Amino acid sequence: MNTMSCRLLRTLWPLILVSLTDPVLAAEAAATPSSAATTPAPDAGAATRSLDEQIQGLKKDMVDLNKDLFVLEEELLFPANTQVAVFVSLDVGDFFALDSITLKIDNRDVGNYLYTPREVAALLKGGVQRLYLGNLKSGQHELVALFNGKGPNERYYRRAANIRFEKGVGAKYLELKVTDHQRAQQPEFEIKDWE
């Protein structure tokens, strides 16, 4: 913003504030010469507080509206009777360090996710991530998850897990779970169907 714009904004700012809070005062201020516009109205402090309250009220209304729109969008895009959600959880420590997951449903790629060290740390602390949310028609389907990472002895590790599942009328929830198998000293990859 150049200096001319700054001066103009400083000159008109009291008029803008007054016009937003009291139209009668705004009409009087507009009728006076421009030099009067540079001096604030006697009740400018109250007008500013009132304007701040209105702005805060509008912000709160916008947040509430945004939340309602998000819920409505979720309901429209992913109705409960066709919804499928896939979650990821880790219970590993020694035998596998997750780098990425590729997700396929019915031989169609539906998701790839590359993990940052921070995200892996959150999963190791017990976090659960929603990896996929989509729609499927009722019937038989197959989910294939490809896990990439470092296995024992810092070797590259790529393993797959798959499950055939029946999609019914309600929402379907599946969990990709990576655990340590202590006896075999290998990671285990399983897909759990939450009925």
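The values are calculated or read from the model by the stated rules, or taken from the named source; none is laboratory data. This is a predicted model, so every value here is computed, not measured. In this analysis, Cβ positions are derived from the backbone assuming ideal geometry, glycine residues included, and neighbour counts consider all displayed protein chains.
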Discussion item. Under 9 Å between Cβ atoms, which residue pairs at least 6 apart in sequence (or on different chains) link something in the range 90-116 that is in contact (Cβ under 8 Å) with a residue 60 or more places away in the chain and farther than 17 Å from Asp180 by Cβ with a partner that is outside any strand (DSSP E or B) and of a type outside the set (S, T, N, Q)?
Written reply: Ile101/Tyr115
Worksheet entry | Residue among Glu53, Glu73 that is assigned to a helix (DSSP H, G or I), under 30 Å from Gln140 (Cβ atoms) and at pLDDT 75 or above | Glu73
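This table checks each residue for (1) aliphatic (A, V, I, L, M); (2) in contact with a Phe, Trp or Tyr (Cβ under 6 Å, 6 or more places away or on another chain).
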| position | (1), (2) |
| --- | --- |
| Leu98 | yes, yes |
| Lys125 | no, no |
| Leu136 | yes, no |
| Leu143 | yes, no |
| Glu166 | no, no |
| Leu176 | yes, no |
| Asp180 | no, yes |
